[in-house]
1. Check each of the GluC sites (Glu not before Pro) in the range 234-332 and keep only those in coil by DSSP with at most 13 other C-beta atoms within 10 angstrom; list them in order.
2. With a 1.4 Å probe and all protein chains kept in place, how much accessible area does residue 112 have, in Å² rounded to the nearest 10?
3. Using only alpha-carbon positions, what ratio does the radius of gyration of the range 169-253 give when scaled by 2.2 N^0.38 Å?
4. Answer rounded, prolate or oblate for the range 128-172, using the Cα gyration tensor with square roots of eigenvalues a ≥ b ≥ c: rounded when a/c is under 1.5, else prolate when a/b is larger than b/c, else oblate.
5. Translational D (Stokes-Einstein, µm²/s) of the range 393-499 at 20 °C and 1.002 mPa s when Rh comes from the Kirkwood sum over C-alpha pairs?
6. Can you list the residues, at least 5 places off or on another chain, whose amide H is less than 5 Å from the amide H of residue 185, using H built in the peptide plane?
7. With just the Cα atoms defining each centre, how far is the range 381-429 from the range 121-135? Give it in Å.
8. Scaled to the compact-protein estimate 2.2 N^0.38 Å, what is the alpha-carbon radius of gyration of the range 55-214, rounded to two decimal places?
Amino acid sequence: MRRRHQSPFLLIPAAGLLLTGCTVGGTDGGYRAADGPAVSRAPATPAPLPSPDDHDHLSTFALDVDTASWDFARRTLAEGRLPDPSTVRPEEFVNSFRQDYDRPGGDGFTVTVDGARTDDADWSLVRVGLATRAADREGDRPPAALTFVVDVSGSMAEPGRLDLARHSLGVMTDRLRDDDSVAIVAFSDEAETVLPMTRLGEGRDEVHDAIEDLTPADSTDLGAGIEAGYETAVEGVREGATNRVVLVSDALANDGDTDADTILERVAHERREHGVTLFGVGVGGDYGDALMERLADRGDGHTAYVSSEAEAREVFGERLPRHLDLTARDAKAQVAFDPETVEEYRLVGYENRRVADDGFRDDRVDGGETGPGHTVTALYAVRTAPGAEGHLATATVRWLDPDTRAPHEASGEVGADALDGSVWTADRGLRTAATAAYLADALRSGQRDPSLPGAPGLGELAGRARDLAARTEDEDVRELAEAIEAAARLLRPDQARPEPA
């Protein structure tokens with residue numbers, strides 16, 4: 001049964017972000033990397049650089065396990081281009097690498113806090129690590145009801161877009177259980193339900209056939225796709241199951257409602273009313289990163305970016321299935337720094353996830369959703385008082401039980417003596433997190449004006465990453481080293497930031 005949908009949204013003049021046209025080629029709004037080619041992308045306002053936090057001794061943020069920013073930057077650097085600074089979110093760089101935190105025995109979190117000195121004698125990096133329990137066996141999670149919302153607009157016909165989306169959804173379909181359900185909505189200039197909610201036990205072949213039949217069409221009415229996707233998801237809601245919309249798109253809209261705020265309100269409304277969350281997967285070299293991230297934030301979900309079949313297998317075969325079980329809703333962290341020992345601190349990234357301090361224990365304030373097998377890392381640059389001794393900071397995480405919505409908290413603390421060693425001789429996890437953060441900082445602020453204290457030059461940073469990759473034999477760290485080397489070639493010391501083409 002196929003149903004066509006037209007977006008009912010009114011076109012409201014945008015006070016904030018307007019989506020750009022979905023174009024192929026061209027250099028309008030591009031950035032030029034060193035002497036390299038201009039990068040085609042929509043005009044964007046660079047993200048604000050991290051600045052010292054108001055020194056009220058409290059720092060509060062919603063948990064985030066997104067990785068799309070790192071995945072997109074890695075691909076862009078590999079192609080010989082610098083990512084637009086506005087697409088670089090340091091917390092997503094940091095959270096893209098494995099951490100070996102202790103895990104709790106049941107639902108909830110462990111809290112690990114440690115740190116080390118940077119090369120700036122006055123500053124240290126403090127790491128706050130949160131971990132959920134290990135992932136259960138696949139059969140132990142609740143069933144899932146997933147609505148795949150697939151962009152089939154003209155731009156998706158480019159190699160590495162719709163073909164990769166079809167492959168990705170095929171991987172996911174094979175990975176799901178017989179008691180899971182799938183619906184499929186395709187959208188271009190209008191939206192069409194190509195498959196209603198279908199139980200995989202009897203309909204797996206039907207799902208595969210519907211995926212393979214997806215073909216590119218015309219322009220992109222993302223609003224219509226979101227509207228139809230949530231309508232289909234709500235019609236197929238299963239009690240006691242994980243109900244989720246999986247949006248696969250380059251997130252570039254040029255038809256129908258192109259106002260981000262009305263699209264975002266639809267996502268938030270359905271999340272509030274029906275508990276349907278969103279997992280956004282970006283594809284394509286020209287990619288609406290900002291919109292996809294905002295959609296996922298408003299939909300209490302997560303984002304990822306794929307550019308190859310290997311990445312598709314990782315995201316759709318491993319990462320997304322881990323998101324099908326929830327261990328915590330509306331999870332937030334608050335770090336209390338001791339004013340006797342800390343003179344200044346800066347949270348690295350999380351600009352879009354900041355929460356007012358008095359919203360930490362207000363359970364009406366949205367936080368992040370986490371499942372089994374997740375870790376969340378936050379880095380702080382901390383300037384300690386001269387001769388500081390004793391207590392430095394306490395980190396607390398608060399979350400709601402996914403079923404009963406009962407609140408829970410867990411805490412961990414760290415003393416000034418934990419900062420005695422250098423970050424470059426710290427354990428693997430802290431060194432990797434610091435390396436990723438310094439790369440993100442260079443891509444956002446340039447080498448001549450780093451905002452993160454103790455920043456080494458990219459040549460030195462690449463060498464440290466190569467050494468760490470060799471010692472750990474970690475393929476992900478090796479890719480980090482390659483990305484730093486590419487950035488060092490593009491961000492030459494005499495050019496702090498790519499200039500508009």
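1. 239
2. Its heavy atoms expose roughly 40 Å² to the probe.
3. Against the empirical 2.2 N^0.38 Å value, I get 1.08 for the range 169-253.
4. prolate
5. For the chosen part, D equals 134 µm²/s.
6. 148, 149, 150, 194
7. 7
8. On the way: Rg = 21.1 Å, N = 160, 2.2 N^0.38 = 15.1 Å.
For the range 55-214, the normalised Cα radius of gyration is 1.39.
The values are calculated or read from the model by the stated rules, or taken from the named source; none is laboratory data. Small disclaimer: the values here were computed from a predicted structure and weren't measured. When we count neighbours, we look across all protein chains shown, and the Cβ atoms used for this are built from the backbone with ideal geometry, even at glycine. For the accessible areas, the whole protein counts, side chains as well, though only heavy atoms, and no ligand, DNA or RNA atoms are used. Shrake-Rupley method; radii C 1.70, N 1.55, O 1.52, S 1.80 Å.
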